[in-house]
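Report on the structure given below.
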Amino acid sequence: MRQRPTGYGSRVNKTMHIVVVGLNYRSAPIELREKLAFTSEQLPQALARLRVEMGLRESAILSTCNRIEIYAGVPDWQQGIPRLQHFLSSHGRLDHHLVTSRCYQTAEPGSVQHLFAVASGLDSMVLGESEILHQVKRAYAVAKEAGSTGKVFNVLFQRAFNAAKAVRSQTAIGQGCASIATLAVELSEKIFGRLNRATVVLVGAGKIGEATLKHLVARGASRLRIVNRTADRIQSLAQSYAASLVSLDQLQDQLLDADIVISSATAPAYLLRQTDIAQAMRTRHHRPLCLIDLGLPRNIDPASGRMDNVYLFNIDDLQELITQTYQQREASLSHSRAILHAKVEHFLRWWTNERSRCTPHVPSVSELVAVP
């Protein structure tokens, strides 16, 4: 049986503060975010480093296409936050000032409010999106499996999930276009019109890829091809949507007759280089090609977008569609925020009561400091 690291237990550490340090689509461009992103394989080791090198009792890392955030329990937020910033810059092998100039950071209650808002989709590029909740749940599951959560973070994340459920069930925040995947499909329609005659190549069959496939079919796309490293895992998925399976080493060949390529794979380097696309464009006599890159790190060489008749979009290029979605949903914001406020206060009262068992003096919520 896996043993918990020393220091974990049922009692709450009386000196612990909950902090978050991170970057998102508002604070940092995709060129920076992709260098700081954590792959699923890197997460357990990164969490172990936070425990061993920084002595953190509790921590979790949320890494998505739109944000990289570290949630941590630190004894002193004034020292802990700079160390977490350094941890991020070290991970990305980037200049420390470059990272800190783009970082946001806060201690409780702001950190708790931020997590609840993120899980509920209120801090997302696509307001009210549902995919972020699955990503936060995954981040928590990985942290818990790695032995990086204790009593506080177990309760904190469960309360965040409960808040997200309440927002989604009690408001209309999630109605309409609800994810990056649906935005990608809408963008394809704006360029090609009806999708029933378009050949669409989908690269990657993770959660975003699967959601994109579902929306493509719902909008009438039928000439579908899925490119993935392994075919066995997605055989049933392809059959369900009448899509053809293609191995990754045949990706360049798919450019010859594709109209739209939507890529959301996890890869350490570009899956499509500018030279690959240039060669394909010559063969297809420069017939227009739409490339939508939802990967982080990016899957498609950004220099490809400068070529004639190649229309390349990444996740930061979807702002116009996102603005329309936001306007449709902002009427639900005040109700959603009121729900979150009550949920945050409920958690903070629980935490205050837990800490009071450990020390005779417990700071009130108003005494808790949030970093500017």
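Scan region 169-197 for residues that are β-branched (Val, Ile, Thr), modelled with pLDDT of 80 or more and touching a helix residue (DSSP H, G or I) at 6+ places or on another chain (Cβ under 8 Å) and jot them down. Residues satisfying the conditions are Thr171, Ile180, Thr182, Val185. Looking only at residues in region 48-72 that are aliphatic (A, V, I, L, M) and in a helix (DSSP H, G or I), the one that is surrounded by the most Cβ atoms within 10 Å (Cβ to Cβ) is Leu50. Within the set Val155, Val167, Val112, the sole residue that is touching a residue at least 12 places away in the same chain (Cβ under 8 Å) and in contact with a Gly (Cβ under 8 Å, 6 or more places away or on another chain) turns out to be Val167. Can you find a residue that is among the β-branched types (Val, Ile, Thr) and part of a loop (DSSP other than H, G, I, E, B) anywhere in region 281-303? Looking through region 281-303, none of the residues is among the β-branched types (Val, Ile, Thr) and part of a loop (DSSP other than H, G, I, E, B).
Checking the structure you have, find out if any residue of region 116-131 is free of Cβ contacts under 8 Å to residues at least 60 places away in the same chain, surrounded by fewer than 20 Cβ atoms within 10 Å (Cβ to Cβ) and of a type in the set (Asp, Glu). No: region 116-131 contains no residue that is free of Cβ contacts under 8 Å to residues at least 60 places away in the same chain, surrounded by fewer than 20 Cβ atoms within 10 Å (Cβ to Cβ) and of a type in the set (Asp, Glu).
Here Gln78 passes the criteria (1) surrounded by 16 or more Cβ atoms within 10 Å (Cβ to Cβ); (2) over 23 Å from Ser124 (Cα atoms) except the one numbered (1). Within region 47-63, being touching a strand residue (DSSP E or B) at 6+ places or on another chain (Cβ under 9 Å) and in contact (Cβ under 8 Å) with a residue 40 or more places away in the chain holds for Leu47, Leu50, Arg51, Leu56, Arg57, Glu58, Ser59, Ala60, Ile61, Leu62, Ser63.
Is there a residue being surrounded by 15 or more Cβ atoms within 10 Å (Cβ to Cβ), in a helix (DSSP H, G or I) and in contact (Cβ under 8 Å) with a residue 12 or more places away in the chain anywhere in region 269-276?
So far as region 269-276 goes, yes, one or more of its residues are surrounded by 15 or more Cβ atoms within 10 Å (Cβ to Cβ), in a helix (DSSP H, G or I) and in contact (Cβ under 8 Å) with a residue 12 or more places away in the chain.
Within region 242-268, the set of residues being part of a loop (DSSP other than H, G, I, E, B), more than 19 Å from the chain's Cα centre (by Cα) and over 16 Å from Ala221 (Cβ atoms) comprises Leu255, Leu256. Within region 118-130, the set of residues being more than 12 Å from Arg168 (Cα to Cα) and either of a type in the set (Ser, Thr, Tyr) or assigned to a helix (DSSP H, G or I) (or both) comprises Val118, Ser124. Residue-level analysis places Arg138 among those that are surrounded by fewer than 19 Cβ atoms within 10 Å (Cβ to Cβ), of a type in the set (Lys, Arg) and either out of contact with any strand residue (DSSP E or B) (no Cβ under 6 Å at 6 or more places or on another chain) or not assigned by TED's automatic domain parsing to the domain that holds Ala258 (or both). The residue that is farthest from the chain's Cα centre (by Cα), among those in region 309-336 that are closer than 15 Å to Ala117 by Cβ and at pLDDT below 70, is Arg329. From the list Ile292, Ile277, the lone residue that is β-branched (Val, Ile, Thr) and within 20 Å of His215 (Cβ to Cβ) is Ile292. In region 104-112, is there at least one residue being among the aliphatic types (A, V, I, L, M) and either outside the structural domain of Gln78 (by TED's automatic domain parsing) or modelled with pLDDT of 95 or more (or both)? Looking through region 104-112, at least one residue is among the aliphatic types (A, V, I, L, M) and either outside the structural domain of Gln78 (by TED's automatic domain parsing) or modelled with pLDDT of 95 or more (or both). Taking the listed residues Ile226, Ile234, the one that is closer than 30 Å to Gln42 by Cα, in contact with a Phe, Trp or Tyr (Cβ under 9 Å, 6 or more places away or on another chain) and surrounded by 12 or more Cβ atoms within 10 Å (Cβ to Cβ) is Ile226, with no other qualifying. Name the residue, out of Arg225, Arg229, Arg219, that is among the basic types (Lys, Arg), farther than 22 Å from Ile277 by Cβ and touching a helix residue (DSSP H, G or I) at 6+ places or on another chain (Cβ under 7 Å). None of the others qualify; the one that does is Arg219. Look at (1) touching a strand residue (DSSP E or B) at 6+ places or on another chain (Cβ under 8 Å); (2) in a loop (DSSP other than H, G, I, E, B); (3) aliphatic (A, V, I, L, M) and you find that Leu88 fails only one, number (2).
The values are calculated or read from the model by the stated rules, or taken from the named source; none is laboratory data. For clarity, every value in this text was computed on a predicted model and none was experimentally measured. Ideal geometry is used to build each Cβ from the backbone, glycine not excepted, and the neighbour counts take in all protein chains shown.
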